[in-house]
1. Within the range 299-324, how many residues are assigned to a strand (DSSP E or B) and free of Cβ contacts under 8 Å to residues at least 60 places away in the same chain?
2. Quick check on Thr364: is it in contact (Cβ under 8 Å) with a residue 60 or more places away in the chain and in a helix (DSSP H, G or I)?
3. Please find, within the range 263-300, the residue that is farthest from the chain's Cα centre (by Cα) out of those that are more than 30 Å from Leu201 (Cα to Cα) and aromatic (Phe, Trp, Tyr).
4. So which residues in the range 174-200 are open to solvent by less than 20 Å² (accessible area, probe 1.4 Å) and hydroxyl-bearing (Ser, Thr, Tyr)?
5. In the range 36-63, which residues are charged (D, E, K, R) and at pLDDT below 95?
6. Across the range 301-331, which residue is nearest to Glu488 (Cα to Cα) among those that are under 23 Å from the mean Cα position of the chain (by Cα) and exposed (fewer than 15 other Cβ atoms within 10 Å of the Cβ)?
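The values are calculated or read from the model by the stated rules, or taken from the named source; none is laboratory data. Just so it is clear, the structure is predicted and the values come from calculations on it, not from any experiment. Positions of Cβ are backbone-derived with ideal geometry, glycine not excepted, and every protein chain shown enters the neighbour counts. SASA here: full protein model, heavy atoms, side chains in, ligands and nucleic acids out. Shrake-Rupley method; radii C 1.70, N 1.55, O 1.52, S 1.80 Å.
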Amino acid sequence: MKHDTDTLESEPKRIKGDLDSSRIAGLKARLEKALQEGLDSTSQSTARINVLFSIPCCGRCILRFLGIRDYGVYELSSEEIKGCLTHFTTTTSPDCIATASETDLDLVCIACVGTVQHAEDFVDAIVAHVKKESYTTKTFNMNVTLPTSTLVRNHAIRIYWHQHLSSYPTDQVDIKEIFKLLISWPLEQQTGLTLDFSSELRLQVSIKHEETKNDHMFLSTMEDSGLVIKSKRENRKTITVGDGRQNIVKALTCVSDQRFAEIGKVPPATVATRAVLKSIEMMRESVYLGGRYLKYSRDVSQTPWAVGNTVLAELSVSGIVCKDLKESFRADDFKFVTAGREDANVRMLGNGRPFYVELINPRTSSLSYEALKQLEAKINSSMPDKVQIRNLVAITLEDTKIIKDGEESKTKCYSAFCWTSNPVDQAMIDAVNEFTNKSFYVEQQTPIRVLQRHMIRKKQIHSLKAFKLEGHFMVLHLHTEAGTYIKEFVHGDLGRNQPSLASIIGCEADIMELDVLEVDLEFPPSCLK
């Protein structure tokens, strides 16, 4: 954002109520100078100010319409600004000129409905919210949402200006720009933060004004506006759609001044109440952590597992791992993403399964390497016989693509404890070991256990190796393409999996226990550098 004279960064920091008499005098002198430099001729300047003084428009909004961009002078109150402007006007009616009188204190500006006029009144609540949230940061960015009625009302004042001066205000200062400055100056002073439009921390301030919330509705009655507003039911509530800010702005550009003035109000109607604070929200960009987890238990699901109100697994990897991460970064929520998955009764051994955690809206944006190691140790000590993590590091959003991209390229190694209907003999072992280091493909129909999906997949098994145990048992080591259904490969899934271990050894087979030994995917990347 480019300014003609002052910029936010160069303005001295101020707080509500700290203007002494010398400060006010200095700002008034700056305003006088800005008015003299910014207005092209005395007669035209007087005419413009007279027009704005003829309606209940606050001093700050008058400066906006005059295009005054010495932003520091907006710190003066509306009454003080109007006091300076009286030197440039010929209007003498006490009802129109409110300088130090009580009149202007009671009137609510018809242009900003009090948002800019009384911006200081919003500061305390915003500062309290920022301090309460206590984000670890030195900067913030600010977005503001002002009542949609300000769009219609500022447009009406432009038309009113044109009706009296046969021209439109040029270089008008945006109302949001002034509101941001009036809020950010004391906010900086009281929190020690700096407004930075590139900051990852976003402060969203929303203002509402119930009295004028329907100001735009008349536009929907004008066919040439293109504004179509409808009501619909959503989540058992009636909501209005079609009246978003962009739609209103577009409608205003489609309607002629004459049509607007015929149906709308020019100048805008007076208001009796001020705008109020609707909401304050703070949001920071997500933080990403990557690592690998090991699961030693056969009663822990990867993520919370429940059907209806029935909990099928009391513990989950995501719950054990992410609870401390969320607390340490003071995040609102988290997303746990892994390179594949294993069933609750399957162990994840070896060097672990790659995962990353997205921490949503964290108050703390980063931890040192040492702090992350301490956090890793804390997680590992919570349930050491259930879940452990390794290589916990901070990663970037770009790094997370490795897990998605690896879905098709990664391979996995398994160890399966299998039962066979016939006693295991050497011929069975030899039949299986024919495929040691010898790849082949299996065609797998959608397993019966997930039959809601219907498809046939072709997956590659890179190697099989069997080890004979006593009686009807063997251990099978498999190296497979990612996404292979191991349980179905063992028992054949009623012939839906061809070939299968059962077809290779010539008798029924089933899997008793399964362990994942390796997920062949290099992750997290920070540990590889």
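1. Quick first cut of the range 299-324, residues assigned to a strand (DSSP E or B) only: 300-301, 305-307, 310-313, 315-316.
Restricting the remaining residues to those that are free of Cβ contacts under 8 Å to residues at least 60 places away in the same chain gives 301, 305-307, 310-313, 316.
Selection size over the range 299-324: 9.
2. Working: in contact (Cβ under 8 Å) with a residue 60 or more places away in the chain: yes; in a helix (DSSP H, G or I): no.
Judged against the criteria, Thr364 is not a match.
3. Taking the range 263-300 and keeping what is more than 30 Å from Leu201 (Cα to Cα), we get 263-273, 293-300.
Within this subset, residues satisfying the condition of being aromatic (Phe, Trp, Tyr) are 293, 296.
Working: Tyr293: 28, Tyr296: 36 Å.
This residue is Tyr296.
4. Taking the range 174-200 first, the residues open to solvent by less than 20 Å² (accessible area, probe 1.4 Å) are 175, 178-179, 181-188, 195, 199.
Ser184, Ser199, listed by residue number.
5. Taking the range 36-63 and keeping what is charged (D, E, K, R), we get 37, 40, 48, 60.
If the condition is that a residue be charged (D, E, K, R) and at pLDDT below 95, then Glu37, Asp40, Arg48 are the ones that fit.
6. Lys323
Table: residues versus (1) exposed (fewer than 12 other Cβ atoms within 10 Å of the Cβ); (2) farther than 25 Å from Leu521 by Cβ; (3) in contact (Cβ under 8 Å) with a residue 60 or more places away in the chain.
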{"residue": "Lys410", "(1), (2), (3)": "no, no, yes"}
{"residue": "Met428", "(1), (2), (3)": "no, yes, yes"}
{"residue": "Asn433", "(1), (2), (3)": "no, yes, no"}
{"residue": "Phe440", "(1), (2), (3)": "no, no, no"}
{"residue": "Ile456", "(1), (2), (3)": "yes, yes, no"}
{"residue": "Ser463", "(1), (2), (3)": "no, no, no"}
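Conditions (1) outside any loop (DSSP other than H, G, I, E, B); (2) open to solvent by less than 40 Å² (accessible area, probe 1.4 Å); (3) modelled with pLDDT of 95 or more, marked per residue:
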{"residue": "Asp243", "(1), (2), (3)": "no, no, no"}
{"residue": "Leu252", "(1), (2), (3)": "yes, yes, yes"}
{"residue": "Phe260", "(1), (2), (3)": "yes, yes, yes"}
{"residue": "Pro268", "(1), (2), (3)": "no, yes, yes"}
{"residue": "Thr273", "(1), (2), (3)": "no, no, yes"}
{"residue": "Lys278", "(1), (2), (3)": "yes, no, yes"}
{"residue": "Glu281", "(1), (2), (3)": "yes, no, yes"}
